[in-house]
Amino acid sequence: MATIEDFTKWAANNGIKAPHVYIDKTDNAGYGLFGDKDLDINDTTPLVHIPRDLLITSIRALHDNQELQTAVKSIFKISSRNNNNDDGDDDKCLKEAVLESRNERLLLRLFLALQKFSNKQTSESFWKPYIDILPSLDEVRQQHVLFLIGKDEDDAYECNKVGLDGTNLSRSIYAKRSVLMRELTMIKDTVEWMTLDMWIWADIVFWSRVVSIGSSDDDGGNDSKNGDLALIPFFDFANHSLQPNIRWCPANDGGIDFVPNSSSASLAGNELLISYGDKSNQELLFLHGFTLKDNPEPSRITMALTGFLDMSMMESQVKLSWITQSSKPVLTLMVPSSMEGYRDKKVVDTSISDIITLTTGWTPESVALMYLVALDQDDGLKFELVPDISRLSISDSSQEKEENMEDENTIIQARLLDEVVEDLNDLAFKVTKLDHSAVIQLRVVMLLLDALEYHLHLITSSSSNDENVSTDTTGVMIHIERYKQDELELIQKSINGLKNLRDWLMTHESVVEFLAAQEEQEDEA
């Protein structure tokens, strides 16, 4: 097992230059980079230089790695892409395949897994000193949310073990594990010994370290020949800060340099910190395993539209099909803006949609999606199949156009009160023109309120099971609780806004008339 000393020796022998930077333990983030001298304003030498050959892109990972090449060719079925099975053609097809962004991510994760766990990797492996200083499987099991979940009696994963039930993060965990299990099924046809835990480890290590480098050529220009993504030894010891004192930039030789953020930065004895970008605590926890106190990047919550639809009903199926023709059926909740006193203003119906967004945090697209849920045939909403004009060529003859229309070149068209609805924005606009628009908006408010109160109940009633949580997870549990608090505050703010809006809409003239008519019908019945 390589030590930090072994790694730094390997790094120096292979061209990494960091004369005044060293690796040391931090108080709460494992290892980090530290400076041993302050800046000389006349010295333009980078603090750290990492040469191009140590950027582990998809193409670099394949170099002199027969095990990886064989596995990737099998997984991507490279030999079937040409007829003569010429090795040169196979290599060309392999390079083309791995440079596709989706395949690039899979290849680099497979590289990590093979380097870490394959018994074919020997002490002579070039990357061994780097791979050995990466966190072990046992360490990752104790510190990442993808592992900190339990199984119920039906062998299904659940998040109550660490108190994540009902959170947005729990849905991300379920989705991620589902994707990883599908990928593993594909990989195991070639790499039979690979386990789910190994593949999760590779995914966690990849996403916590990968850098989008934009692929620099030898002159510092853009070059897509080697891939856009890279794992970078030494680089990944740099920890995150909202006030970074260093930054990275492409080097002239195609490598990577670390340079000071300002000429006045005091670096001697201080940790060298970069910015991972503007990320909410959920994203930081999911990708990197930590959160930030008073993180300025606000939380957000997403919900699938299908949660508001009864998918056993044909009407709901048609609604979903219509929306997926042009949009994603996902609602997004962000931090509400302050709009105090709106109930005292004479606000016309056309601005109620904006009020819902401003006072409750749901994006305009989310409000429009909920209009789709709330509307039905009684409100004048109808759907029909019509020819997809965009797929008909102007040069087609009348007979060809007629034949195309009879084929599958049709789309679902929505109408509201016999007017064609072009998209979500048009739907939101047309709702405001309905005589009973406030009734529709009240339905939306009530649906969103019920959903958020349900999730609030799940989160507040979910607590970590101390008997199942090891003492080794204490650190990550602090970050989980901080993330949960962010989400609870966001949900509560939206709930408060929805309740106020509900009370206001209940006094709207059209709502009062609608409720009175309903009550009269019930009395007659």
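Screening the range 311-332 for residues that are touching a strand residue (DSSP E or B) at 6+ places or on another chain (Cβ under 9 Å) and under 30 Å from Arg209 (Cβ atoms) and picking the one that is surrounded by the fewest Cβ atoms within 10 Å (Cβ to Cβ) gives Val330. Among the residues of the range 408-447, just one is open to solvent by less than 20 Å² (accessible area, probe 1.4 Å) and free of Cβ contacts under 8 Å to residues at least 24 places away in the same chain, namely Val421. Looking only at residues in the range 482-509 that are among the acidic types (Asp, Glu) and under 21 Å from Ser437 (Cα atoms), the one that is most open to solvent (accessible area, probe 1.4 Å) is Glu509.
Each residue in the range 159-193 was checked for being in a loop (DSSP other than H, G, I, E, B) and within 22 Å of Asn281 (Cα to Cα), and 8 pass.
Here's the yes/no breakdown for (1) in a loop (DSSP other than H, G, I, E, B); (2) open to solvent by 50 Å² or more (accessible area, probe 1.4 Å); (3) at positive phi; (4) modelled with pLDDT under 85:
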site	(1), (2), (3), (4)
Asp218	yes, yes, no, yes
Lys225	yes, yes, no, yes
Pro233	yes, no, no, no
Trp248	no, yes, no, no
Asp257	no, no, no, no
Ser266	yes, yes, no, yes
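Regarding Val512, is this residue surrounded by fewer than 16 Cβ atoms within 10 Å (Cβ to Cβ) and in a helix (DSSP H, G or I)? For Val512, the condition - surrounded by fewer than 16 Cβ atoms within 10 Å (Cβ to Cβ) and in a helix (DSSP H, G or I) - is met. Flag not set for Asp450, criterion: assigned to a helix (DSSP H, G or I), open to solvent by 40 Å² or more (accessible area, probe 1.4 Å), closer than 23 Å to Phe286 by Cβ and at pLDDT 90 or above. Just one of the listed residues (Phe308, Phe290) is touching a strand residue (DSSP E or B) at 6+ places or on another chain (Cβ under 9 Å) and either more than 16 Å from Arg482 (Cβ to Cβ) or open to solvent by 60 Å² or more (accessible area, probe 1.4 Å) (or both), and it is Phe308.
Pairing each residue of the range 123-136 that is within 14 Å of Tyr31 (Cβ to Cβ) with any residue that is modelled with pLDDT of 95 or more and part of a loop (DSSP other than H, G, I, E, B), provided the two are 6+ apart or on different chains, yields C-beta distances under 6 Å for Tyr130/Pro233. Of all residues in the range 182-198, those that are under 14 Å from Leu137 (Cβ atoms) have Cβ atoms under 8 Å from Cβ atoms of residues that are in a helix (DSSP H, G or I) and not hydrophobic (A, V, I, L, M, F, W, C), 6 or more apart or on another chain, in Met194/Lys188; Asp197/Arg141; Met198/Lys116.
With respect to (1) surrounded by 15 or more Cβ atoms within 10 Å (Cβ to Cβ); (2) under 30 Å from Lys92 (Cα atoms), the lone exception for Asn252 is condition (1). Any residue at all in the range 151-166 that's at pLDDT below 90, touching a Phe, Trp or Tyr at 6+ places or on another chain (Cβ under 8 Å), under 28 Å from Ser461 (Cβ atoms) and exposed (fewer than 15 other Cβ atoms within 10 Å of the Cβ)? For the range 151-166, residues at pLDDT below 90, touching a Phe, Trp or Tyr at 6+ places or on another chain (Cβ under 8 Å), under 28 Å from Ser461 (Cβ atoms) and exposed (fewer than 15 other Cβ atoms within 10 Å of the Cβ): present. Here Trp201 does not fit the description of being modelled with pLDDT of 95 or more and open to solvent by 40 Å² or more (accessible area, probe 1.4 Å).
The values are calculated or read from the model by the stated rules, or taken from the named source; none is laboratory data. Keep in mind that this is a model prediction, so the values were computed, not measured. Cβ atoms come from the backbone with ideal geometry, glycine included; neighbour counts cover every protein chain shown. Side chains included, ligands, DNA and RNA excluded: accessible areas come from the protein's heavy atoms. Shrake-Rupley method; radii C 1.70, N 1.55, O 1.52, S 1.80 Å.
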